[in-house]
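This report refers to the structure that appears directly beneath it.
The values are calculated or read from the model by the stated rules, or taken from the named source; none is laboratory data. All values derive from a computational prediction rather than experimental measurement. Cβ placement follows ideal geometry from the backbone for every residue including glycine, while neighbour counts extend to all protein chains displayed.
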Amino acid sequence: MRFLLFPMSILSLVLTGAIFGFFFAWVCSTMWGLDQIDPNVAIEAMQAMNASVRNATFAPAFFGTPVALLLTTIIAWKSGATQSAIWFAIAGVVYFAGGLILTMQINVPMNEALGALTTPLEAAEAKRVWTDYSSVWQFWNQARTVASGVALTCVGLGLAALSHRRR
């Protein structure tokens, strides 16, 4: 089982990095861009993005990250790499709670409510809907970005502990 530790550690790093990058992109460009355009267009664009994100490219990073981290934790633990196992476990818990669960409990229901709207809305109503949605959605997206960044850091620390252990 020890031979799986390094490849699983790398898989955990890649998946955690991918989901952190996904959430980060929304923070630093996508939502800011949508906030600059006509609210009806922003609503329609967000509806389209939310409908398209459920795909085979996104799923491994979103759903596979906690699975990979759990398996990496178990393999590290059984291989005697206790320090690494602890870091991978922390990464898994942080991402699971602050990334996956937060998304499913807050962002997804918000996305579904937005998706149920029929556009175009009257201009003032569209502005109110978009402003209310965007500000709350961005707050929670920033929270899951931070959680994913912390998880990524923990994976890096787990890998560093593996490297230190080999010396």
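General observations
- The range 70-85, residues that are of a type in the set (Val, Ile, Thr) and in contact (Cβ under 8 Å) with a residue 12 or more places away in the chain: Thr72, Thr73, Ile75
- Any hit, the range 72-82, residues being in contact with a helix residue (DSSP H, G or I) (Cβ under 8 Å, 6 or more places away or on another chain), closer than 19 Å to Ser148 by Cα and of a type outside the set (S, T, N, Q): no
- Pick from the range 141-167, criterion more than 14 Å from Ala85 (Cα to Cα) and modelled with pLDDT under 95, ranking: surrounded by the most Cβ atoms within 10 Å (Cβ to Cβ): Arg166
- Residue within the range 40-56 that is surrounded by fewer than 19 Cβ atoms within 10 Å (Cβ to Cβ) and over 20 Å from Asn107 (Cα atoms) present: no
- Flag for Ala45 being touching a helix residue (DSSP H, G or I) at 6+ places or on another chain (Cβ under 8 Å) and farther than 23 Å from Phe6 by Cα: yes
- Residues that are touching a residue at least 24 places away in the same chain (Cβ under 8 Å) and either among the charged types (D, E, K, R) or over 14 Å from Tyr133 (Cβ atoms) (or both), drawn from the range 27-49: Val27, Asp35, Asp38, Glu44
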